[in-house]
Structures are given as structure tokens and as C-alpha cells.
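Enquirer: This structure is in C-alpha cells; I'll ask about it shortly.
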Amino acid sequence: MNRSSIARKLLLAALLLLVLAAFAMPLFSMLLTAMREAKSVGKPLLEPGHVPSAAQLGANVKEVWTGRAADFPLFLHNSLFVAGLSVLGMVVSSSIVAYGFSRLRWRGRDALFILVLATLMIPFPILMAPLYLVFKQLGWIGTFLPLWVPAWFGGTFSIFLLRQFFLSIPRELDDAARIDGCSEFGVFTRIILPIAAPAIAVVALLQFVASWNDFLAPLLFLNHEETYTLALGLHMYQSQHGGTPWNLVMTAALLIILPVVFVFILAQRAIIGSVATQGLNE
Amino acid sequence: MATARLHPTLRGLTWVSPWLLGFGLFMLLPITLSAWYSLTDYSLLDRPIYVGLENYRELLHDSVAHAALKNSAIFTLATVGVGTLLSLALALLLEQRLPGSEFVRAIVFLPTLVPVIAAALLWMWALNTETGSVNTILRTLHLPTPDWLGTPTGAMASIVLVSLWGIGTFVVTYAAAIRGVPVSLYEAACIDGAGPFRRLTTITLPIISPTIAFNLVMSIIWSLQAFAVPLVMTRGGPANATTTFALYVYQNAFVFGRMGYACALAWVQFLFTLVLVAGVLWASRRAVYHRGA
Amino acid sequence: MIGGTAPQSSASDAQGVAIDTDVSRRSALTLLAAGAAGWALWPYAPRSRRDIPKGRKVVTYWEKWTGPEGDAIQQVVDDFNASQSRLWVHRVPVNDQDSKALVAIGGGDPPDIAGLYSYSVPQYAETGAAIPLADLGLKPDPSAYAPGVWQMLTHQGRQWAGVNTCYTIALYYNRSHFREAGLDPDKPPRTIDEFNDAAQRLTIKGPAGEITRAGFVHTLPWWWPYMWPSLFGADLYDSATNRSLFDSPACVRAFEWIGSWPTRMGREALATYISAFGRSFNGAEDPFLTGRVSMVATGPWIANFARTYAPTLDYAAVAVPVSSEIFDAARPIGLLECDVLMIPRGSPNPEAAMEFLLYTQQPRVQEQLATAHCKSSPMTAVSPAFMSSHPNRAVAVHDQIAKSSRAVVLPRCRSWKQYAILTQRAFDNVWLGANAKAELTAVNSRVQSLLDREADLRQRRGA
């Protein structure tokens, strides 16, 4: 190890640290603010009487959770309900569709798959207004239906991911099963799905995160506070006439981000790994 | 599902029917309706009235729409330009395999999982002129502390900053692509006496160019349709500086109640997106390396 | 990466798809998922609905107020609920009222009754978003309301809304600052020239030219960019001819006056000074209440906040100064706006909503609300006790403006919201140094095209 390579390594390490600090900073700031009282917000961190404390965090959480300004337990209930149905639908529909695009050979299959990918190019604003009108005709505005029903028709990324995975499973397995008289659906449920369980788990996790974080659909389709999900509830909480104190807003934000962070910690490699592949196979 | 007896194409279509149905209902139908409504005046409460191309004619004279287009262009250029360079740089840094790289990679990726509303609020707080962490840091370094959300340029910089916070997906894909470059190529280059910069430009970048092209397209598409962050952080202000085109579409549809005009605006946006993407794809024909036909 | 030791997780490494989930993580996730599913399916009743007595018909009421103003309207709601046993009004605080309500009505999912702003009435009336009150049995009584207020409750000859407090904009000034600057606190400025002079003298600058106290700043608060033209005698809209008048000479003069302000105060110094306030109005950090601005054009609620946050502040109010040619002490000019109650089309319980609306239109209830909000009463008949024991020392000023024949009512056109946003744009640009005439002409032509479009479509619809 010569001097210049040590120097180079140190420089890179310093850059790495800088990157870490830059990306983690807003989250850190949120945590610190959530640990302070309303009157301490904005004062220097270490000023006596205004130091952030875990006890204050507990008090803030209690205020946010039980406060009259917003019914967060209700929002949590709503978010979980929508997320649950959303995940279920996405997993079921995407695996069926991905199977059709990977394990079966038929004319037009690959051309249609290109169309599936092409739908990524459709900007949401062009769908926004007419989708609203479609849902209005169906009488679904104000209900949860517009939030989870579309997941039951498959999602581009999930289909892509599962198709990738299915393609890698050796064909001998299904051929063997078919020879034994198994129907196509049987092959799907008994052979492919069990092997693909990890990939399906990733799809489920990512769909959970997507549904949990969804802000636009609730914003457009939900009207009454009793139906709000967490994302929309946070928005409402923050933009109250008169302004909500920042320490409480940050506490609420912390509560909403926490489950996602938790999920991430548990399945980090899987999530990052599957996201990384999407760019490789264009 | 005893589909074995069906003609293969029919069978395949049956399996992918959920997606086909969804595509029809939630994409094809709205797009067609959107085209029809763009030719009408529709306020959501009245019945639609056919006005022909008047919405499009109005668009040509609508200074706010023009300003919104300009804002979207600036935002997209900044986000995609800086974002691509930054994510490539970060990916390269992470692939140096220094200890702790995997942890940093996780932290860089984490913001993409944060709900957009929370991200907007976090940054609203961090960019607060008096008490935000960004200005506190700048103040201790004796650097100027701009009024981020209160000035037109500052506000635009703010929403670009929030978008850049979310480049984790791109960093991760670039890192994976870089990892996929055969080491033998680097070894051969070293033997030929090529320095790190030469290796970067003649080996790494060309080989990962398909990923770069793909990410460019995805980030352009995404930037052009983003409006949640400006909606929550700056409400399109100050002085309409952060009213991106997508936000203007939203305002027309759901705030002013002009659905017909909003659909016309959305079609214009769609056209722009297609043109830009086609441009990138055409340019990439020559610049992108195709590994084996 | 191959992961897992359990037989099921034979994850293969295919083309870079890395699946790594070992048993303990998977069981943790499964546990989490089970817990989440449990909470999701638990029949959770909204907290707000739990205290509604059984057997009553629930009337959902969307209202914008929170804090002390919210408490005041809640008191009215509580009184109504206690006064009878068939209905229960359930107040829900909502922000972004007018667009939210419009979307909800359009989507077929509206509240029973909604508290909106007076400028929403033309839009709701013309699009049929609200139910005309006569259709629900109301007999219109114009004489009950101040003339300006009545104008705002009606559109095209029909009454669409009930009033729910009104307010006018007046100039609040800090009397101790006046004394310090050598001005007579009992003789506040009445004309623009006097005003410019006073603002200059009230501004204090530090050694480096930085502002330590501002006399007046148009952007603190910045909520009524369309108010300034009226001070120069300019109208914004002529309903008879459906023409917008934003580029009239008087209007241009108003905006030139606005544009001159940063130069007058020192552009850089003023920008730095303003940026320190963020969005802290009507609270502990309010610029007027903390003595950092000597004069402010605002509504009567400031007295409410002064009670809480600056009880010892020595202040008074007067009608906003106008240009000397049009000054008339007996007929003050001031922006008059009111909050209104409308019953949306598709309201689940319109008759019940109507009952509540009628309750709120009693002068007694309006006075109760106005007292709590520190505002003047919108009704013509005012009890003597109301004025004499009112918590806002400047209530007489507000009342005089509200009942003045020159009270300024905003344009009653459907596109007002867009017009307002464009005036904000013009204001911001002029404040930053753009040419007033050019800005106003540009805005005016855009607004005129919107109005022409509106008129054309009105014809086509046969309205």
C-alpha cells in the first residue's frame, strides 16, 4: 500500500461519509425535531431547556396519536385495509399474468409484453381527470375502491419482476409435471409459485410500500376525513388553517415513515436487488 | 383452468387477461375519454359542451401554461441532468467497495421508500430559512443562507433538491450495471497503460450505456409528470415559479373545475413526453452499446 | 446471492435477481403482516363519531375554522344540537375548502352543508353545485343583511347562501410607535400621501442599512393582492358589460405605488426583512403583534390574536388610506368579504341542513359568532350590547366600512378564482420590479378571454 493509494482511499472514505450525511440529514432533522417541544422548535439544539429528549418524543407521539386534530389510529386502519387488499390483488394478478408472459409460448407474446413496458410512458396527468370521471360514473368516488381495485389487474413492475424470475426456473420441472397429467394451472400453483415465493414476497413488500405511500389517489378520490389514509391524513394535519407546530408534524411524519423503514431493514437486500435488475434487461 | 386444449394464443391471452382488462379499463378508456373531453368544456358539474379545438387555441395564448411549460423544462433539465451525473458518480463511489458501502447504499436508497408527502414536509422543514438544518449548516460555514421557499429561484431549487434526494433507484441500477462489467476488460486496459479516467470513459460508460439510456428515459418521464412535491411544498408559488405543467393540469381539473381544458393540457404534455423520449431513444441508437446484437 | 436454509426458499440467482430472505426475517415479516391484517380488519369507529347520541339524523358540516375560531363555531353547533333532539350537526374541519367541496360535489360525495367563501357563490351558483335556498323553503329577506353582504349571498337574482360572519379590512396601527416617531396616534393617515409619509417615518434602520422595524409592508400579510386597486378608486370588474378592468389607469397607479415600495424601503433590506417572517401570521410570531411592523392592513381577527399573544399592545384601527381625490370620511372604502354557508347539490339531508342554516341566520347567533371572532355583525339589526361590550376595540371601524356604500365587494364572476391567482402573479412580479402597466395589461387580456369564454358557454348552455 503506497502513500497515494492510502490518500485516495481516505478521500473516497470522506466522500462516502459526506454522501451518507447528505442523504440522512433530513431524516435526522425530523427525528430531532420530533423530540422537542413546540416552543423549542427553531432554537439551537443544545440550548438549556430546549434539548431534545426521548421523553418529549413520547409525549409528542401521544399528542399526535390521541389528539383531536387528526384521528391517526383511524388513518392507520384505513391505510392497512387498503394496503392489504392492494397487496393481495397485486400478488395474485401479477403472478398469473407473469406466468402467461413467461412459461407459455404463444404468438404475439413478446410484442404484447413490449406494450406492457410501454405503459410506463403514460404520464399520470393524462389519466387523472378521465379516471376521476370513470370512477364517478361507477359511483366509487369517496370509497376505497379506486385505491385498491386497479392493483387486482396487475402492475407493470411486478409483472416484469416475476416474469424475470419465472424465466429462470428450469423447464424440466413443469415438463415433468405436465407429463404426470398436471393442468397448466396446476403447474402454476404447485410448481412455480412455491419456488417463486421469495420473489413474490418482494413484490408484496414493494406493493405494500407503494400503497402505504400513495398520496395522489387518496387526494383525488377521497373526500371525507373518515376515509383518509395516513399519507392524506399527514397532509391534512400539516396544512391546518393556522398551522400545526413543526414538532408535531415531524412526529407524525416519523410515525408514517417508521413502518416503511422497518420493512426495509428486514428485506433490504431483496428489495434493492430486485430494483437493480430492472435496468439491466432493457 | 383447463386451458391446455385452447389454441396457444388464446390460452396465453387468457392468462394475461387481468392485465388486458386493467389496461383497457384504466388506461385505454381514460386516454380515449381524455381525447374526447379535450374537445369540450366540462366543469364536472355541468354537462360537457363540444367546443372543437378552442381549448387548444386557448392554450396557445395562456401565459400561465407557457410559464408552466418553462418551469417543467427547467425542472426536468435540472433533475435529469444533475440527477444522472450524481447517480453515476455515487454508483462509481459505491462500487469502490470501501467498508461500509453497503450501509451507505441502503441509506441512499431509503428515501425512495419514504412517502412523497413526508419527503416534502421533511424538506420544507430542512429548508426553513431561519431554523432549517440546511441554512444552519450554511450559517456555520459562513456561507450565504438563501430564502429557499420564498423566492422563485430558491423554490425551484428546493423542489429539484427533493427530487435529487430520491435518486436511490438510479444509483442502485447503475451500481449493479457497473458490477456487471467484465473485470478482464479492465485488466486488459491496465496492461495497455490506461488510467482510471480512460477506463471510465472507454470501458465502463459504454458498457453500461443501455442502463444509462433506460434511466434517462425513465427519469424524463417521471420529472415531467411530478406534481405532488410542488403541490405540497410550494403550492406552485411563489409567483407561479414552481407551477410545473403537471401541477397546472391538476389545478385546472380539480381546483378551477375545468376538466376539458385540463385534458387538452394533458395531451400537450403527453406529446412533449413522447417527443423527448423518442429523441433520447434515437440518440441512444448510436451511443448505446449493444452487447451481442 | 443464494439465500435461505429452509427447503422452500431455493432462490436461484437468475440474471442478477438477488433474493435473500432468511428464516428469521421472514417470520418477523409474517408476524408483522398478521398484526397489520388484524388491525386492518378490526372494526374501528372514527373517534369523532363516537359521541353522537343514537337516533339522531347526522348532518355533516364542513367548516374551515380551527383554533379559537373553530371553537366558536363549535359552540354554535353545540347550542343547535342541544336545542332539539332530531338532528345532530357534526362539524368537520376542512382546509382548501372551495376546491375540495367542488370535487366532492362533482364526484357525488358531498357533505350536507359546507362553509365556504363569498367569492365561491357565483361559481357554485352557475355550475349548479349548490341548491338555491328558495327551493328549500327559504323566504328571502334582503333587509336583514347589510347591503354588501346581501350582494354576496345572491347571484343572478336568487339567494344561494346564508352568511356566517363577515369581515372588512382595516388599517391597524401601533400607537406607541406613532408616538415615538412624532406622529399623533389619534390622527392616523387617511390619504395615500399621508400614509407614505407615516410609513417612512415609522421605519427604523440599523447602522448597516438593515431594517429593524418596518412602517408597513404590503406583503405582510400578502393575502389580498386585489385589494389595493380599490384604494385608488379602481374597480376590478364591470358586471353589466362583463369586462375586467384590471388595466384601468387607476389600477395601474395602484400597482405603480406597490412597485415603488421596495425601492422606497431599500429593496435588499426589505427582502431580507420579509424573509425572516416565513409564514408566521396570527400567532405568537405575528409581525404586527410582535411590534416588528407598525401598520398592517388586516381583518378584525387580529384583535382576537392580540388578546392571546400581545395583550398589552397599544393599537387602534382606521379605514385603509385612500388616494386624496376620492377620500370621504363618511363613506370609507374597504374590502368586504364574508364566510357563507351553502347546501351542496346532492346533499344527503338538504332539509336538515336548511334547518341548521336558518338557525345560524338569527341575529343573535351571528352576534355570538362575531363576538367570538372579534368581527362586526353582518346583520342590519344589531343589539346595543353587541357594540358596547365587543372585545375588539376597533369594531366600530369595521362596522362602518361594512355598511358603507363604498364597501368593496369582489367581482361576482365564475372565473374569480383564476382572476385572483393572476392578480397575485401580477403583484409578485411588480413587487420584484416589473413594469406595472405591462403586467396589468397582460393579466387583463387573459382574464378578459376567460370572461368571454364564460359568457359564450353560458349562452350555449342556455343558462
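The values are calculated or read from the model by the stated rules, or taken from the named source; none is laboratory data. Quick caveat: nothing in here was measured; it's all calculated off a predicted structure. When we count neighbours, we look across all protein chains shown, and the Cβ atoms used for this are built from the backbone with ideal geometry, even at glycine. Accessible surface is based on the protein model in full, side chains and every heavy atom, while ligands, DNA and RNA are left aside. Shrake-Rupley method; radii C 1.70, N 1.55, O 1.52, S 1.80 Å.
Enquirer: Indicate, rounded to the nearest 5 percent, the antiparallel portion of the DSSP beta bridges found entirely in the protein assembly as shown.
Expert: Details: 29 of 42 bridges.
DSSP beta bridges in the protein assembly as shown are roughly 70 percent antiparallel.
Enquirer: Using the Cα centre as the reference, give the magnitude of the dipole from point charges on the C-beta atoms of the protein assembly as shown (Lys, Arg: +1; Asp, Glu: -1; all else neutral), rounded to the nearest 20 debye. Don't skip to the end; give the middle numbers.
Expert: On the way: 79 positive and 69 negative charges, 338 e Å.
That gives a dipole near 1620 debye.
Enquirer: How charged is the neighbourhood of C:Ser85? Take every other residue with its Cβ under 12 Å from the Cβ of C:Ser85, and add Lys/Arg as +1 and Asp/Glu as -1.
Expert: Net charge in that neighbourhood comes out at +4.
Enquirer: Right, here's the next one. Please identify the DSSP H helices in chain B that span no less than 27 Å along the helix axis (Cα) and have a mean Kyte-Doolittle hydropathy of -0.5 or more.
Expert: Details: long enough: B:63-94 (45 Å, 1.59); B:205-225 (30 Å, 1.45); B:259-287 (41 Å, 1.33).
Taking the DSSP H segments of chain B (at least 27 Å long, mean hydropathy at least -0.5), we get B:63-94, B:205-225, B:259-287.
Enquirer: Determine the shielding of peptide A:195-205 by partner chains: average, over its residues, the number of Cβ atoms on other chains within 10 angstrom of each Cβ.
Expert: Working: counts 5, 3, 8, 13, 5, 1, 9, 5, 0, 2, 4.
Average neighbour count from other chains, rounded to a whole number: 5.
Enquirer: While we're here: For C:Gln362 and C:Thr272, what is the calculated FRET efficiency with R₀ set at 45 Å and r taken between the beta-carbons, to the nearest 0.05? Numbers along the way, then the final one.
Expert: On the way: r = 50 Å, r/R0 = 1.11.
It comes to 0.35.
Enquirer: Classify the range C:210-314 as rounded, prolate or oblate, taking a ≥ b ≥ c as the square roots of the eigenvalues of its Cα gyration tensor: rounded when a/c is under 1.5, otherwise prolate if a/b is larger than b/c and oblate if not. Show your work: numbers first, answer last.
Expert: Numbers: a/c = 2.93, a/b = 1.58, b/c = 1.86.
The shape class here is oblate.
Enquirer: So, one more: Using +1 on the beta carbon of Lys and Arg, -1 on that of Asp and Glu, and nothing else charged, what's the dipole of the range B:53-287 about the Cα centre, debye to 20?
Expert: Values: 12 positive and 9 negative charges, 56 e Å.
I would put it at about 260 debye.
Enquirer: List every residue whose amide H lies under 5 Å from the amide H of C:Tyr145, counting only residues 5 or more places away in sequence or on a different chain, with H placed 1.01 Å from N in the peptide plane.
Expert: C:Thr380
Enquirer: Kindly express, to the nearest 10 degrees and within the range 0 to 90, the angle between helix A:124-138's C-alpha long axis and the longest C-alpha principal axis of chain A.
Expert: Roughly 80 degrees between the two axes.
Enquirer: Here's a follow-up. Mind ranking C:194-202, A:71-79 by how tightly packed they are, going by the mean number of other C-beta atoms within 10 angstrom, highest first?
Expert: Numbers: C:194-202: 18.2, A:71-79: 22.6.
Top to bottom by mean Cβ count within 10 Å: A:71-79, C:194-202.
Enquirer: Do any cysteines in chain C lack another Cys Cβ under 4.7 Å, and if so which?
Expert: Taking the Cβ cut-off of 4.7 Å, the unpaired cysteines of chain C are C:Cys251, C:Cys374, C:Cys413.
Enquirer: Distance in nm between label sites at A:Ile265 and C:Asp184, each 7 Å beyond Cα in the beta-carbon direction?
Expert: Taking the simple label geometry, A:Ile265 and C:Asp184 are separated by 7.1 nm.
Enquirer: Would the range B:53-287 count as rounded, prolate or oblate if I go by the C-alpha gyration tensor, calling it rounded below 1.5 in a/c and otherwise prolate when a/b exceeds b/c, oblate otherwise?
Expert: Working: a/c = 2.59, a/b = 1.44, b/c = 1.80.
Because a/c hits 1.5 or more and a/b fails to exceed b/c, the range B:53-287 counts as oblate.
Enquirer: Evaluate Rg over Rh across chain A, taking Cα atoms for both radii and Kirkwood's formula for Rh.
Expert: On the way: Rg = 23.9 Å, Rh = 22.4 Å.
Here Rg/Rh amounts to 1.07.
Enquirer: Just to check I understand the Karplus step: with θ = phi - 60° and J = 6.51 cos²θ - 1.76 cosθ + 1.60, what whole-Hz values come out for the range C:321-331, glycine and proline as x?
Expert: Along the range C:321-331, the couplings run x, 10, 5, 4, 5, 10, 5, 8, 4, 7, 10 Hz.
Enquirer: List, in order, the whole-Hz ³J(HN,Hα) value for each residue of the range C:164-176 obtained from phi through the Karplus relation with A = 6.51, B = -1.76, C = 1.60 and θ = phi - 60°; use x for Gly and Pro.
Expert: So the J values, rounded to whole Hz, are 9, 6, 10, 8, 10, 9, 10, 9, 8, 9, 8, 5, 5.
Enquirer: When the helices in chain C are scored as -39500 (n - 2.57) per DSSP H run of 4 or longer and the sum is shared across all residues, what 222 nm value do you end up with, to the nearest 500 deg cm²/dmol?
Expert: Working: 17 runs with 195 residues, N = 463.
My calculation for chain C gives -13000 deg cm²/dmol from helical runs alone.
Enquirer: In nm, what is the difference between 0.36 nm times the number of residues separating A:Ile114 and A:Val92 and their Cα-Cα distance?
Expert: Values: separation 22, 0.36 × 22 = 7.92 nm, distance 2.15 nm.
This chain segment gains 5.8 nm when fully extended.
Enquirer: If I histogram all Cα-Cα distances within the range A:156-282 using bins 5 Å wide from 0, what percent of pairs lands in each bin?
Expert: 2, 9, 14, 14, 13, 12, 11, 9, 6, 5, 3, 2, 1, 0, 0
Enquirer: Listed here are the pairs C:Lys64/C:Lys205; C:Lys100/C:Lys437; B:Lys70/C:Lys417; A:Lys39/C:Lys64; A:Lys136/C:Lys64; C:Lys187/C:Lys375; which of them are more than 28 Å apart at the Cα? It would help to have the intermediate numbers written out before the result.
Expert: Working: C:Lys64/C:Lys205 39 Å; C:Lys100/C:Lys437 35 Å; B:Lys70/C:Lys417 23 Å; A:Lys39/C:Lys64 25 Å; A:Lys136/C:Lys64 25 Å; C:Lys187/C:Lys375 23 Å.
As for pairs spanning more than 28 Å Cα to Cα, those are C:Lys64/C:Lys205; C:Lys100/C:Lys437.
Enquirer: Mind pulling the angle between the C-alpha long axis of helix C:363-373 and the longest principal axis of chain C? Nearest 10 degrees, somewhere in 0 to 90.
Expert: The two axes meet at around 90 degrees.
Enquirer: Would you please give the FRET efficiency between A:Phe185 and C:Trp222, computed as 1/(1 + (r/R0)^6) with r the Cβ-Cβ distance and R0 = 60 Å, to the nearest 0.05? Display every interim value, and only then the final one.
Expert: Numbers: r = 64 Å, r/R0 = 1.07.
For A:Phe185 and C:Trp222, the calculated efficiency is 0.40.
Enquirer: Net charge near A:Leu16: determine it from the other residues with C-beta under 14 Å of the C-beta of A:Leu16, scoring Lys and Arg +1 and Asp and Glu -1.
Expert: Numbers: positive: A:Arg8, A:Lys9, B:Arg97, B:Arg105; negative: B:Glu95, B:Glu102.
Spelling it out: positives minus negatives among the neighbours equals +2.
Enquirer: Something else about it: Could you work out how far apart the two model spin labels at B:Thr153 and B:Tyr186 are, taking each label as a point 7 Å from the Cα in the direction of the beta carbon, and quote it in nm?
Expert: It works out to 4.1 nm between the two label points.
Enquirer: A further question on this structure: Can you give the local net charge around A:Arg163? Use residues other than it whose beta-carbon is closer than 13 angstrom to its beta-carbon, Lys and Arg +1, Asp and Glu -1.
Expert: Neighbour charge sum, excluding A:Arg163 itself: +1.
Enquirer: Calculate, axis by axis, the spread of Cα positions in the protein assembly as shown along the three principal axes, and write the results as whole Å, longest axis first.
Expert: The Cα atoms of the protein assembly as shown stretch 97, 71, 58 Å along the principal axes, largest first.
Enquirer: Report, in whole Å, the centroid distance computed from the Cα atoms of the range C:27-54 and the range C:115-137.
Expert: About 39 Å separates the Cα centre of the range C:27-54 from the one of the range C:115-137.
Enquirer: Roll a 1.4 angstrom probe over the protein heavy atoms and tell me the percent of accessible area of the range B:53-287 that is carbon or sulfur.
Expert: On the range B:53-287, the fraction of accessible area on carbon and sulfur atoms equals 70 percent.
Enquirer: Right, something else. Could you report the buried accessible area between A and B, both sides summed, computed with a 1.4 Å probe and given in Å² to the nearest 100? Before the final figure, lay out each step's value.
Expert: Values: alone 17050 and 17790 Å², together 26780 Å².
Buried area between the two chains comes out at roughly 8100 Å².
Enquirer: Another one. Would you be so kind as to identify which of B:Pro8, C:Phe246, A:Ala129 lies farthest towards the positive end of the dipole of the protein assembly as shown, taking Lys and Arg as +1 and Asp and Glu as -1 on Cβ and the Cα centre as origin?
Expert: Of B:Pro8, C:Phe246, A:Ala129, it is B:Pro8.
Enquirer: Rounded to the nearest 0.05, what FRET efficiency is calculated for C:Thr380 and C:Asn95 with R0 set to 35 Å and r the Cβ-Cβ distance? Intermediate values should be presented prior to the final figure.
Expert: On the way: r = 32 Å, r/R0 = 0.91.
FRET efficiency, C:Thr380 to C:Asn95: 0.65.
Enquirer: Here is a further query. Taking a probe of 1.4 Å, how large is the accessible area per residue of the range B:53-287, in Å²? Could you put the intermediate results ahead of the total?
Expert: Details: 9360 Å² over 235 residues.
I get 40 Å² per residue for the range B:53-287.
Enquirer: Sticking with the crude label model, points 7 Å out along Cα→Cβ, report the distance from A:Ala7 to B:Leu10 in nm, one decimal please.
Expert: Computed distance between label sites A:Ala7 and B:Leu10 equals 7.5 nm.
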